[in-house]
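The block underneath contains the structure these notes are about, expressed in structure tokens.
The values are calculated or read from the model by the stated rules, or taken from the named source; none is laboratory data. This is a predicted model, so every value here is computed, not measured. Cβ placement follows ideal geometry from the backbone for every residue including glycine, while neighbour counts extend to all protein chains displayed.
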Amino acid sequence: MKTSRIFLLATALLVSGMAQADIVIRDAYVRAMPPGQSNTGAFMLIENQGDEDRALVSADSDAANVVELHTHRNVDGVMQMRQIPQIDLPAGATTELQPGGLHIMLIDVPERLMVDDEIRLTLVFDDGSEQTISAPVKSVMGGMMKHGEMKGHGEMKMHGHAKDMPATD
């Protein structure tokens, strides 16, 4: 009886580890925060080396009070940032989290993140597996739109709480 429980536990851990090994995170970084900002984004490449589609379903960090998965959408010619329930990770493909696209939003960051700081992010996948990574804080000057153009976050006071955001489609 005891031996079968140990075998089941060992098998579950092995399968979980194998599933996690199929997901490779590269080039992770967090955007440095200008004075007066309390939100920022985390970006990276997520490679699904497995044979099955997967999804990133949540993230967490001690660096922020709220962490959400986000995307940008063009709605009637206006770019809007929206929270999404997951980021799909197709089998055999690399998904890019980048400024102006899919990303991890760090909201209500209590201490300003400066260039060369390191933060820990825990990524949670659809099978329940997790990966904790360390991401450097970098200055990102090009490729971002001005905050006034990000309607979804303007409605959050750029920077209020996620519950004030309009519902996702």
Would a scan of the range 137-147 turn up a residue that is under 17 Å from the mean Cα position of the chain (by Cα) and at pLDDT 95 or above? yes
Could you grab me the full set of residues in the range 30-46 that are surrounded by 17 or more Cβ atoms within 10 Å (Cβ to Cβ) and outside any loop (DSSP other than H, G, I, E, B)? Val30, Arg31, Thr40, Gly41, Ala42, Phe43, Met44, Ile46
Residue that is farthest from Ser129 (Cα to Cα), among those in the range 1-55 that are modelled with pLDDT of 75 or more and β-branched (Val, Ile, Thr): Thr40
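Table: residues versus (1) of a type in the set (Asp, Glu); (2) more than 20 Å from Asp27 (Cα to Cα).
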residue: Arg54; (1), (2): no, no
residue: Ser61; (1), (2): no, no
residue: Leu69; (1), (2): no, no
residue: Asp88; (1), (2): yes, no
residue: Pro99; (1), (2): no, no
residue: Arg112; (1), (2): no, yes
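Is it the case, given these coordinates, that Ser58 is among the hydroxyl-bearing types (Ser, Thr, Tyr) and outside any strand (DSSP E or B)?
no
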Scan the strands (runs of 3 or more DSSP E) fully inside the range 71-143 and keep the ones with 2 or more residues being touching a residue at least 40 places away in the same chain (Cβ under 8 Å), within 17 Å of Asp53 (Cβ to Cβ) and polar (S, T, N, Q). 94-97
Selection within the range 90-123 - surrounded by 14 or more Cβ atoms within 10 Å (Cβ to Cβ) and of a type in the set (A, V, I, L, M): Leu97, Leu102, Ile104, Met105, Leu106, Ile107, Val109, Leu113, Ile119, Leu121, Leu123
